[in-house]
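Here's the structure we're looking at; comments come further down.
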Amino acid sequence: MTSTPKRISLLSVTLYGVVFILGSMFMISAIQGEYGVFRRVQIEAEAELLRSELDALSAEVAAYENKTRRLSDAYLDLDLLDQQARDVLGYVRSDEIVIR
């Protein structure tokens, strides 16, 4: 029993080489490309940042709505009105002393 060594043809080597190169290119593109894994992680982090910013802005809007409602004619909060007059206009009562 003599075994003859199989010769690998140039065509099969070229074919395997092309398949390997194309597979490598697709793999690199899937990881680092415009729609790859790294870009997805970056987009998810940006989305989380924007969600937290939206939550902060929603809380700020709710605070402004509350303050606006408390200063409206239908529901006037005298303590808030006094505080706003002091902060914005610099008013003080006649029995108070201002120390600067």
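At 0.36 nm per residue, minus the direct Cα-Cα distance, what do L22 and R40 gain on full extension? Give it in nm, one decimal, please.
Extending this stretch completely gives an extra 4.2 nm.
Please give the helix 37-70 orientation as an angle from the longest Cα principal axis of the chain, in degrees from 0 to 90, rounded to the nearest 10.
Value to nearest ten degrees: 10.
Of the listed values (i) 10, 31, 32, 20, 6, 0; (ii) 11, 16, 13, 12, 10, 10, 8, 6, 5, 4, 3, 1; (iii) 12, 23, 18, 16, 11, 13, 6, 0, identify the label whose number matches P(r) over Cα pairs in 10 Å bins from 0, in percent calculated from this model.
(ii)
Averaging sequence separations of C-alpha pairs under 8 Å and six or more residues apart, then dividing by the length of the chain, give the relative contact order as a whole percent.
Relative CO of the chain lands at 7 percent.
Report the FRET efficiency, 1/(1 + (r/R0)^6), for R86 and A47, where r is their Cβ-Cβ distance and R0 is 41 Å, rounded to 0.05.
Step by step, r from the Cβ atoms, then E = 0.45.
Read-outs: derived from the displayed coordinates by stated rules, not from any lab. Note that this is a predicted model, so its numbers are computed, not measured. All Cβ positions, even for glycine, are placed from backbone atoms using ideal geometry, and neighbour counts span all protein chains on display.
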